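Quick notes on the structure that follows.
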Amino acid sequence: AWFTPDIAAYFGPWKLRNLPGLILEASDDKKEVEFYAKDITSIVMPIAAIDPKFNYPLITKREYYQKINDFVSDMGQQIGAKLGRGFKVKLSNPKVSTIELYEN
């Protein structure tokens, strides 16, 4: 497998994942199965400001991580449902980095 740590995404084709970067190309020893990245597109999305008129609930870090893990699990189920019978999708839980703000 060939990957780049310059793209901090831990995704890859088929059963390959968890390398420290995006897998761009992979093959078996006999070259019977080959995968390669055809296109990479960067999507820039603005970060929305938190509207103070909404009363967002405070949650613990553990609850936050559980919500992230639930989201990833649900995404895997949705992808698996679209692939049809015989396909199983398992996504690994993301490594989450957070910025925590504390008021004094």
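The values are calculated or read from the model by the stated rules, or taken from the named source; none is laboratory data. Model, not experiment: these values are computed from the prediction. Every residue, glycine among them, receives a Cβ derived from its backbone with ideal geometry; neighbour counts consider all protein chains shown. For the accessible areas, the whole protein counts, side chains as well, though only heavy atoms, and no ligand, DNA or RNA atoms are used. Shrake-Rupley method; radii C 1.70, N 1.55, O 1.52, S 1.80 Å.
Things worth noting here:
- Segment 39-78: trypsin sites (Lys or Arg not before Pro) falling in loop per DSSP and having at most 14 other Cβ within 10 Å: K53
- Farthest toward positive dipole pole in segment 1-74 [+1 Lys/Arg, -1 Asp/Glu at C-beta], among N55, I68, A26: N55
- Counting heavy atoms of the protein chains alone, L16 has an accessible area of about 60 Å² for a 1.4 Å probe.
- At most 10 other Cβ within 10 Å, DSSP loop - GluC sites (Glu not before Pro), segment 1-60: E32
- Accessible-area ranking of I79, I50, largest first, probe 1.4 Å: I50, I79
- With the cut-off at under 12 Å, measuring from each backbone N in segment 47-77 to a point 7 Å along the Cα-to-Cβ line of R17 picks out 72-77.
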